[in-house]
């Protein structure tokens with residue numbers, strides 16, 4: 001998993017940052033820092049965080065941990081056929 005940190009930048013640089021994102025060149029931006037992690041502890045100056053783009057009030061400390069194989073995703077057979085995956089049966 002990767003933690004993506006976005007630094008403040010002038011509003012007129014917005015289109016440049018967005019275009020780097022959509023053309024998959026965001027790693028080269030001086031406003032982006034990408035940190036791979038398994039466990040992370042983040043201490044915030046302001047108790048506000050964005051989860052998937054939505055702002056939330058949070059505690060001043062956020063603890064994150066990657067738990068392998070802890071997410072199950074349900075999808076239909078048509079999708080599995082579309083992406084050429086075998087259906088797992090138990």
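The values are calculated or read from the model by the stated rules, or taken from the named source; none is laboratory data. Because the structure is a prediction, the values reported are computed rather than measured. Neighbour counts run over all protein chains shown; Cβ positions are idealised from the backbone, glycine included.
General observations
- Among the residues making up the stretch 48-61, those that are surrounded by 10 or more Cβ atoms within 10 Å (Cβ to Cβ) and modelled with pLDDT of 85 or more are 59, 60, 61.
- Residue in the stretch 63-70 that is in contact with a strand residue (DSSP E or B) (Cβ under 9 Å, 6 or more places away or on another chain), farther than 18 Å from residue 14 by Cα and free of Cβ contacts under 8 Å to residues at least 40 places away in the same chain present: yes
- Matching residues in the stretch 50-61 - criterion: being under 18 Å from residue 3 (Cα atoms) and either outside any loop (DSSP other than H, G, I, E, B) or under 15 Å from the mean Cα position of the chain (by Cα) (or both): 50, 51, 52, 53, 54, 55, 56, 61
- Every residue from the stretch 1-49 that is under 27 Å from residue 71 (Cα atoms), touching a residue at least 24 places away in the same chain (Cβ under 8 Å) and assigned to a loop (DSSP other than H, G, I, E, B): 1, 37, 38
- Each residue in the stretch 62-81 was checked for being part of a strand (DSSP E or B) and more than 18 Å from the chain's Cα centre (by Cα), and 0 pass.
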